[in-house]
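The values are calculated or read from the model by the stated rules, or taken from the named source; none is laboratory data. If you're wondering where the values come from, they're calculated on a predicted model, not measured in any experiment. When we count neighbours, we look across all protein chains shown, and the Cβ atoms used for this are built from the backbone with ideal geometry, even at glycine. With ligands, DNA and RNA removed, areas are computed over all heavy atoms of the protein, side chains included. Shrake-Rupley method; radii C 1.70, N 1.55, O 1.52, S 1.80 Å.
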Amino acid sequence: MSLRRHLRKLLIESDLSYTTEIPWPSLWKFAQFAYLAEQYGYRCAGLDPDLRESSTPFFVFRCLPDEPERAARTRERFPDATGGGRLPGMRSWPVLVLTLPEARREVKLLHARIAVDYYGAIGRQPSRPELIGIPLVVLLVLLVNGEMHAAGLHVAAGAVAALLLALGASRMFMRRRIAAYRRLLSE
């Protein structure tokens, strides 16, 4: 879903709040959307507290008290933003939407806040199923293929070890990124 289409959806469907999952594979793109929503009077308030137990993180956007003034001012400056014209703080290329220098700092801070919430929600999910499931799936594959001799077991043990190391490394990477984003937000 494009930024414009998602922005149109926010402006049409929302009343006082708007809840959405991240529709893009990029948290930066979602931060750009949060910046655009703020220009129209909706602030990203973080994870939706009603949907915290969901396996998919949902973010809530709340209407700011000065929403009518912000929306009117933004519509005046960018009359065709949702219809294909210029977006506030963005430059559209044929494929990408780039953040202009004057909006980059705000988008960077929004990105850090969204990433802390998102990675925190993902990090709270239990990893025990993977720790048990990966070796069981590999053992099942060995049983089905009849590879229960020593060489097959060594290959399976190596594959399991590599997958578990990758899982552990991704968890460590995620923790380091969260710490870096928190430092950025505390500045």
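Once backbone amide H atoms are built at 1.01 Å from N, Leu100 has Met90, Arg91 as its partners under 5 Å, excluding neighbours fewer than 5 places away on the same chain.
Distances between every pair of Cα atoms in the range 43-96, grouped in 10 Å steps from 0 to the bin holding the largest one, split as 20, 31, 31, 18, 0 percent. For mean projected area of the Cα convex hull in nm², the listed values are (i) 13.7; (ii) 14.2; (iii) 15.3; which was obtained by calculation from the structure presented? Among (i) 13.7; (ii) 14.2; (iii) 15.3, the one calculated here is (ii).
Applying both filters, DSSP loop and at most 11 other Cβ atoms within 10 Å, to the GluC sites (Glu not before Pro) of the range 1-81 gives Glu53. Once all protein chains are placed together, Met174 keeps about 30 Å² accessible to a 1.4 angstrom probe. Residues in the range 88-128, backbone N under 13 Å from the label point at Ser170 (7 Å along the Cα-to-beta-carbon vector): list them, ranges by number please. 122-123, 125-128, by backbone N distance to the label point. Here the range 49-68 is scanned for amide nitrogen atoms under 19 Å from the site 7 Å beyond the Cα of Thr19 along Cα-to-Cβ, giving 49-64.
Given +1 on the Cβ of Lys and Arg, -1 on the Cβ of Asp and Glu, and no further charges, what dipole in debye does the range 53-187 carry about its Cα centre, rounded to the nearest 20? Intermediate values should be presented prior to the final figure.
Numbers: 19 positive and 12 negative charges, 104 e Å.
Using Cβ point charges on Lys, Arg, Asp and Glu, the range 53-187 gives about 500 debye.
If you take all other residues with their beta carbon under 15 Å from the beta carbon of Trp24, and give Lys and Arg +1 and Asp and Glu -1, the sum is +3.
On the basis of the beta-carbon distance and an R0 of 22 Å, Ala45 and Glu106 show a calculated FRET efficiency of 0.85.
Ordering Val144, Gly123, Val107 by the projection of their Cα atoms onto the charge dipole of the range 80-171, which places +1 on the Cβ of Lys and Arg and -1 on the Cβ of Asp and Glu, puts Val107 at the extreme positive end. In the assembled protein chains, Val95 presents an accessible area of approximately 130 Å² (probe radius 1.4 Å). Computed with every protein chain present, the accessible area of Val137 is close to 90 Å² [probe 1.4 Å].
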